[in-house]
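J.: Can you read through this structure? Questions will come right after.
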Amino acid sequence: MSDNLHPFRSHTCGELSRGHIGEKVRLSGWIHAKRDHGNLVFIDLRDEFGLTQCVIDISSSLFNSVETVRIESVITVTGKVVERSNETINPSIKTGHVEVHMEAVVVESSADVLPMLVAGDQEFGEDIRLRYRFLDLRRNQLHKNIQLRSKVISSIRRRMTDQGFLEVQTPILTASSPEGARDYLVPSRNHPGEFYALPQAPQQFKQLLMVSGFDKYFQIAPCFRDEDARADRSPGEFYQLDFEMAFVTQEDVFNAIEPVLAGVFLEFGGDHTVTKMPFPRIPYKEAMLKYGTDKPDLRNPLTIQDVTNSFRNGGFGLFAKIIDAGGIVRAIRVPGAGNQPRSFFDKLNDWARQEGGGGLGYIIFGEDGNTKGPIAKNLETEKISEIETKTGTKNGDAVFFVSGEVGEAERFSGLARERLCTELSLRSGGQFNFCWIVDYPMFELNEEAGKIEFSHNPFSMPQGGLDALQTQDPLDVMAYQYDIVCNGVELSSGAIRNHREDIMVKAFEIAGYDRSVVEEEFGGMLRAFRFGAPPHGGSAPGIDRIVMLLANEPNIREVIAFPMNQRAEDLLMGAPSKVDDSRLRELGLKLNLPKIKTSPNSV
RNA sequence: GGGGGUGUAGCUCAGUUGGUUAGAGCGCUGGCCUGUCACGCCAGAGGCCGCGGGUUCGAGUCCCGUCACUCCCGCCA
């Protein structure tokens with residue numbers, strides 16, 4: 001072209017305003033929408049920056065070609081910026097006061113009929129969305145989410161660097177680490193029969209960096225785990241803000257990361273409030289009692305109390321029997337729920353049975369002070385008033401009860417607490433509500449195997465050190481292990497690490513592992529610990545989950561540009577896929593597949 | 001591995017108690033339309049009702065199996 005304009009664009013599609021009236025401009029973008037009036041066609045041209053209306057009428061020789069271009073084709077438009085008349089201004093777009101009168105049009109790339117629409121907010125099935133991810137990513141919501149993700153990561157990186165954290169990359173091809181998930185394995189060509197593992201987390205590397213004298217490390221680290229997906233768990237791979245600090249206590253770690261998280265959530269959280277620092281610290285045991293989970297949603301105002309003693313040897317036989325067998329009873333007081341109709345209680349009871357709980361007992365405390373329900377009928381009045389006192393119940397409230405074996409009752413009371421909250425719309429909105437869960441047990445009992453196991457990863461420092469391991473019941477030993485939770489979502493877990501060989505060997509011994517196992521599994525790290533290791537600790541908040549909360553998305557795939565589906569398949573790229581026999585031979589591999597189970601993975 | 005939900009036009013969905021020729025909106029194709037911005041109007045094409053089996057005179061609908069997607073449990077921080 002003979003003008004001096006850039007071959008593709010002089011302006012973006014979000015740029016033109018009244019100030020450009022009369023200018024000759026060039027825009028490139030996708031045809032977002034087309035309104036064809038027969039002798040007059042409007043095209044909304046879209047790029048990442050906005051929409052601009054372009055117009056052409058029958059008098060132009062280009063008219064026919066413009067009329068036939070399909071939506072989502074990419075075109076370059078050259079023309080004059082013209083003011084819109086008052087009646088035709090579109091206040092809903094930035095460029096709505098002007099339009100471009102098309103004088104030249106180049107079709108850069110024409111689009112086929114679309115499997116899903118880019119414009120509009122119709123919902124599409126997830127397999128279509130994943131297969132045509134590039135179209136989905138053009139759409140407003142997902143595009144915004146990925147932009148948000150980028151900004152969040154930049155902000156996190158800046159905040160970490162400003163605090164003196166050093167960003168270090170660690171290997172992707174490495175050895176299996178002890179997180180406990182399945183590893184993704186990569187066969188080695190140079191060492192037939194041997195495999196690399198993709199890191200489940202850079203756990204050992206960050207500890208090695210501490211031993212290497214780096215005082216504060218961080219990384220936006222990819223982590224790979226071959227485990228099944230959930231709505232909040234991306235299959236295959238995800239990202240963590242992995243960080244570690246030398247010469248720190250647990251409180252030092254909290255004080256370092258709280259301002260980063262609070263800062264990011266304030267920066268991108270819109271009008272949501274963020275928990276004031278310092279975030280509450282809740283001991284694991286307390287969390288399990290009060291909330292029935294170690295990732296409590298503190299926007300839920302309900303709490304759980306133990307009322308086992310008020311049912312022991314009481315008139316309500318079912319619970320008394322469970323208690324005799326070693327079980328417990330937990331109570332949830334729900335303010336105002338006494339006014340709910342009978343059907344409300346029945347519905348909850350049905351739900352409880354469906355969830356595998358025995359049921360959900362209740363006592364209704366009427367406005368008149370009388371109690372109602374099957375439990376109230378059978379339980380002694382003094383025991384009822386004991387419960388009333390213990391739970392702080394007032395007239396008009398209802399108290400719900402869960403009874404069973406300790407672990408099961410605890411878990412189920414947590415589910416019931418959430419259910420009641422949702423059912424009665426008690427959850428406060430507009431908050432990012434943070435807390436730390438601290439004082440996790442170092443070990444737990446595997447009921448089936450009757451064996452003591454590490455309850456988290458084996459790298460945590462036991463509270464009380466070697467002495468605690470030697471003198472206490474292992475199940476009473478707590479670790480300097482902590483989780484950070486926001487709105488019921490576990491953002492990360494971390495620990496003050498065990499940097500002492502002797503304590504580590506002892507810890508493994510309690511979990512039933514011989515010294516030789518430790519030596520074999522973590523030889524690299526043990527060796528490092530023998531040459532001067534600083535006390536250190538850290539954590540690793542999940543990036544995807546942070547963005548998911550900030551974007552207010554219920555599903556983690558909504559904040560990942562190219563996620564895999566639930567079965568860890570990439571429908572767009574066609575992964576995983578078969579490879580040529582020659583490649584297998586090179587790696588010294590021969591397939592030994594289980595009986596034919598064809599999954600047509602054709603794209 | 002187990003449980004729940006879903007599967008009907010390119011897409012999103014409706015489809016009654018089992019009953020004749022399976023519908024709508026969007027998209028697509030053609031026609032009309034010079035001020036729309038969810039443009040409008042008219043016409044049309046498009047269906048292995050996921051797949052296989054069964055019950056029945058008759059199945060999109062009921063039963064069994066299977067596959068796919070999704071949510072949950074297991075698993076996983």
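J.: Which value in Å does the Kirkwood hydrodynamic radius of chain A take, with 1/r averaged over all unlike C-alpha pairs and then inverted?
T.: Working: mean 1/r = 0.0346 Å⁻¹.
It is 28.9 Å.
J.: I'd like the Karplus ³J(HN,Hα) series for region A:453-470: coefficients 6.51, -1.76, 1.60, θ = phi - 60°, whole numbers in Hz, and an x wherever there's a Gly or Pro.
T.: With coefficients 6.51, -1.76 and 1.60, one gets 10, 5, 8, 10, 7, x, 8, 7, 7, x, 5, x, x, 4, 4, 4, 5, 7 Hz.
J.: To check you understand DSSP bridge types, tell me what percent of the beta bridges within chain A (both residues inside) are antiparallel, rounded to 5. The partial results should precede the final answer.
T.: Numbers: 87 of 96 bridges.
DSSP beta bridges in chain A are roughly 90 percent antiparallel.
J.: At a 1.4 Å probe, what is the % contribution of carbon and sulfur to the accessible area of chain A?
T.: On the way: 15080 of 29980 Å².
For chain A, the apolar C and S fraction of the accessible surface comes to 50 percent.
J.: For region A:513-520, in order, what is each residue's ³J(HN,Hα) by Karplus, 6.51 cos²θ - 1.76 cosθ + 1.60 with θ = phi - 60°, in whole Hz (x at glycine and Pro)?
T.: 10, 6, 3, 5, 5, 4, 4, 6
J.: How far is helix A:501-510 tilted off the main Cα axis of chain A, in degrees rounded to 10, range 0 to 90?
T.: 70
J.: Okay, moving on. Under a 5 Å amide H to amide H cut-off, with H placed in plane at 1.01 Å, what residues pair with A:T275 once short-range neighbours are removed?
T.: Residues meeting the amide H criterion: A:F432, A:F434.
J.: Over chain A, give the accessible area per residue in Å² for a 1.4 Å probe, as an integer.
T.: Details: 29980 Å² over 603 residues.
On a per-residue basis, 50 Å².
J.: What percent of all Cα-Cα pairs in region A:337-482 falls into each 5 Å bin, going from 0 up to the bin containing the maximum distance?
T.: 2, 8, 13, 14, 14, 12, 11, 11, 9, 5, 2, 0
J.: Restricting things to Cα coordinates, could you compute the convex hull volume per residue of region A:4-45 in Å³? It would help to have the intermediate numbers written out before the result.
T.: Values: hull volume 4.4 nm³, N = 42.
Dividing the Cα hull volume of region A:4-45 by its residue count gives 104 Å³.
J.: Continuing with this model, one more query. Show the residues, 5+ positions off or on another chain, whose built amide H is closer than 5 Å to the amide H of A:S492.
T.: When sequence neighbours closer than 5 places are left aside, the close amide H contacts are A:I484, A:G542.
J.: Tell me, what ³J(HN,Hα) does each residue in region A:391-408 have, in order and in whole Hz, if you take phi through Karplus 6.51 cos²θ - 1.76 cosθ + 1.60 with θ = phi - 60° and put x for Gly and Pro?
T.: Per residue, the Karplus-derived 3J(HN,Hα) values read 8, x, 6, 10, 4, x, 8, 10, 10, 9, 10, 10, 9, x, 5, 3, x, 5 Hz.
J.: Can you list residues from other chains, or at least 5 along the same chain, whose modelled amide H is less than 5 Å from the amide H of A:E23?
T.: Placed amide hydrogens put A:V81 under 5 Å from A:E23.
The values are calculated or read from the model by the stated rules, or taken from the named source; none is laboratory data. Everything numeric in this text was worked out from a predicted model, so none of it was measured. Just the protein is used for accessible areas: all its heavy atoms, side chains included, with ligands, DNA and RNA removed. Shrake-Rupley method; radii C 1.70, N 1.55, O 1.52, S 1.80 Å.
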